[in-house]
Amino acid sequence: MHPAAATSSEVTTPLEASSRVVIPWLIRLRWVSLAALAVAAWAAAVFWRVRLPLVPLLTLLAAMAATNLALSSQLRSPAPRRTLIGGALVLDAALLTGVLYLLGGPLNPFSIVYLVGITMAAVTLGRRWAIALAVFSNLAYGLTFSYNRPFEFVDDASGNALLALHLYGMWVALAAAAGLIAYFVGRIAEALEQRERELTASRAAAARSERLAALFALGAGAAHELATPLSTIRTAAIELERTLRTQPDSPGGVPGYVRVMRTEIDRCTAVLDGLSGRASSTAATDTGVRLTALMDDVRLRIGAALAGRLDVKLPDAPRAIEAPVEPLCQVLVALIRNAFDASAPEQRVTLLVNQQPSLRVEVTDSGRGMAPEEAARAGEPFFTTKPPGSGLGLGLFLARAFADQMGGSLRWQSSVGKGTSVVLDLPV
């Protein structure tokens, strides 16, 4: 969909958009935390003979499971995602406080699990949410010093090992909390980093589109403004040539000069037609385009001298393609001319065409190549490595714009002194 066609009544902030990435991982974390609490309670009952308050404990665990199911159902909800995440983390801290109340209060070593939620808030919701959750968790944990249900053991002998239970429990709780933080927070950070890379690429593509639109407007304006006077000059040249031919005493070379003028005017008109065609928002797709005919047209446009130094390698059984031929031909000509401009007069350029499965065209030269900083800027409008007056620096920019419009890609690799390879991928 074109960006202008997408409308929404909801303004999405960067943090709100990042929350969409976080919620699925938060749901997974809560399921793992629920399972860890259940296993820890079972181990305390089996190995340390702790008498569990099963009904209230199972009620708290069921409440956590129910809220997690409710959170899963809100994945596609228009409600603010940050509010959902923050509410879930606050609820988790409250439920953990309830578990601590039922199982020993401050003697329960699993109070360290508070840090998992606080870390999640810091990574996904920002500083304010993290501070608020930290304050809430500390207050809730402080209440367990005054309000708690002491440990009850099945027999007195098990109660004598309370200190050992606490120490081993601290070890297990630390391992569980560290594992949860290391895995889930790490995966969330990776997901947010990937999303940031995608946003950066989208912004760069949007900036290229804006520059391309400006160039198209410039091309359309130039074509419109120059086409009329060129047409008038061409008509005058034709009439002048016809008049000179009817006068026997006119110099013999004058009609030839007029023909040269008309030829060059036709050439300028063709260039303006090309600019006008590129300036259109859409390009007609031609069907049944033969690659051999396309390559013949490319050779004709670059001239016999360059065509003699061009090595074209087509597939053994080339298939016809569906693509806008004129823009595609202009792109190929621009890439080939760039390759020859970067090469010495005796060096050759290779054009390799592949159709497995989409169309891939690779233009390779063994010329001067580009330094890393030049290769990084290649494709920017009006950036060129050619001598002044030899080019505008629009060839790669327009080629990449064409590839983007077709849903393809344009990339290049270059080394100083070894040459450059440019690859055009098109889903045609």
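The values are calculated or read from the model by the stated rules, or taken from the named source; none is laboratory data. All figures in this text were calculated on a predicted structure; none of them were measured in a lab. Don't worry about glycine lacking a Cβ; one is built from the backbone with ideal geometry, like all the others, and counts go over all protein chains shown. Just the protein is used for accessible areas: all its heavy atoms, side chains included, with ligands, DNA and RNA removed. Shrake-Rupley method; radii C 1.70, N 1.55, O 1.52, S 1.80 Å.
In the full protein assembly as shown, how much of Thr263 is accessible to a 1.4 Å probe, in Å² to the nearest 10?
Counting only protein heavy atoms, the figure is 80 Å².
Count the net charge of all other residues whose Cβ sits under 10 Å from the Cβ of Arg348, scoring Lys and Arg as +1 and Asp and Glu as -1.
Neighbourhood net charge equals -2.
Using the crude model of +1 on Lys and Arg Cβ and -1 on Asp and Glu Cβ, and no other charge, please compute the dipole size for region 292-428 relative to its Cα centre, in debye to 20.
So the dipole magnitude of region 292-428 works out to roughly 220 debye.
If you rank Arg259, Arg203 by how much accessible surface each has, with a 1.4 Å probe, what is the order from largest down?
Accessible-area ranking of Arg259, Arg203, largest first: Arg203, Arg259.
Over its Cα atoms, what ratio of radius of gyration to 2.2 N^0.38 Å does region 295-428 give?
Rg over 2.2 N^0.38 Å, computed on Cα atoms: 1.00.
Rounded to the nearest 0.05, what FRET efficiency is calculated for Thr232 and Gln405 with R0 set to 35 Å and r the Cβ-Cβ distance?
Efficiency, from the Cβ-Cβ distance: 0.55.
On the accessible surface of region 27-114, probed at 1.4 Å, how many percent belong to carbon and sulfur atoms?
Percent of accessible area from carbon and sulfur atoms in region 27-114: 74.
Taking 60 Å as R0, compute the FRET efficiency from the Cβ-Cβ separation of Val32 and Leu300 and round it to 0.05. Working shown, then result.
Numbers: r = 66 Å, r/R0 = 1.10.
Approximately 0.35, to the nearest 0.05.
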